[in-house]
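Only the coordinates and a few stated rules stand behind these numbers; no lab work does. The model shown is predicted, which means the values in this text are computed figures rather than measured ones. Using ideal geometry, Cβ is built from the backbone for each residue, glycine included, and neighbour counts are taken over all protein chains shown.
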Amino acid sequence: MLARRATHAPPALPIAEKAIARARTILVVDDDRLVHAIVGRIMAGFDGVLLYANDGKKALAMTRVVRPDLVLTDALLPGMDGRELSRTIKTDPLTSHTTVMVMTALYKGARYKQEAFSKFLVDAYVDKPLNLQTLRPAIELALAAPSGGGDVKRVRSVAAQVAL
Amino acid sequence: MTVTAGMPVLDDAVLADLLALDEDGTFLQDLFTTYLEQAESALKDIHDAVEDFDAGRLRRAAHYLGGASANIGAMKVAAACRELELARSGEAAAKALTTAIEHEAHVAAAAIRAAGAHLAIAENA
């Protein structure tokens, strides 16, 4: 009985790989370096890894290699638009598990937001200028709710509550 | 020009939020330095775009400067940039809006330098 259990157990990962597998990773994408600095400071003490990119194409390349848990991206970016980045990430099986949160100063209307959810498959949406008090809770909630499944709606509604 | 009337050059609430994140006394100073570099480069971009009659580049540069300005609390610059970004009017109007942005950006830069100097004095006191 014990022997049978052992054979069905998943192969053990080396400790370092386990640590990497556990570390939550956030990729912050914005061409404004102030946003990198502010998000970095807001997430001070975050038990995970923060990475930064300044355009959409670099962000996509990094997402494919690193497979972050969350991509926090500006909407209007050089190279590839943040919303298009979201759709590309969410429609590629390699990266579709990644939660995508879009920050925008431009596409604030309800129609844009609906389009972001339905067409660009964005999980959560925050307005710019960033609210420094609510951004961290919104990020933590987005990280806590797995993307790409039934929980997506929950992320949206929770993020909306935080935004209030 | 009127769009910026009554707005603060630097928004106290934004600065207070940023200062609340400043644990080592250098964070806000670093943000100021970064912003001043960004603003200088964006203003050059805006100027060049107007010279070249490049409306797309002008809107992108205005969006960039406006976003950075809102983050640092330079609300008049942010509002003037927003106006240019959303403007669909002709070249003369774009030039007038660009002049307004340049004016507000210089006022904001002076205020930020003053705030930075104040922070440095407070830090060393």
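In which sequence would A:Thr98, A:Thr63 go, from the one with the fewest C-beta neighbours within 10 Å to the one with the most?
If I rank by nearby Cβ atoms, fewest first, I get A:Thr98, A:Thr63.
How long are the semi-axes of the equivalent ellipsoid of the protein assembly as shown, taking √(5λ) for every eigenvalue λ of the Cα gyration tensor, in whole Å from largest down?
In descending order, the three semi-axes are 39, 23, 16 Å.
How many Cβ atoms of partner chains, on average, are near each residue of B:27-34 if near means within 10 Å of its Cβ?
Counting other chains' Cβ atoms within 10 Å and averaging over B:27-34 gives 3.
Can you tell me the relative contact order of the stretch A:22-163? Whole percent, Cα pairs under 8 Å, sequence separation 6 or more.
Normalised by residue count, the contact order of the stretch A:22-163 is 20 percent.
Pairs A:Lys57/A:Lys128; A:Lys128/B:Lys44; A:Lys119/B:Lys95; A:Lys119/B:Lys76; A:Lys119/B:Lys44; A:Lys57/B:Lys76: which are spaced more than 27 Å apart, C-alpha to C-alpha?
Checking Cα-Cα distances, A:Lys119/B:Lys95; A:Lys119/B:Lys76; A:Lys119/B:Lys44; A:Lys57/B:Lys76 exceed 27 Å.
Step through the residues of the stretch A:86-96 one at a time and calculate ³J(HN,Hα) from phi using the Karplus curve (6.51 cos²θ - 1.76 cosθ + 1.60, θ = phi - 60°), rounding each to whole Hz and writing x for Gly and Pro.
For the stretch A:86-96, the Karplus curve yields 4, 4, 5, 5, 6, 9, 9, x, 5, 10, 5 Hz.
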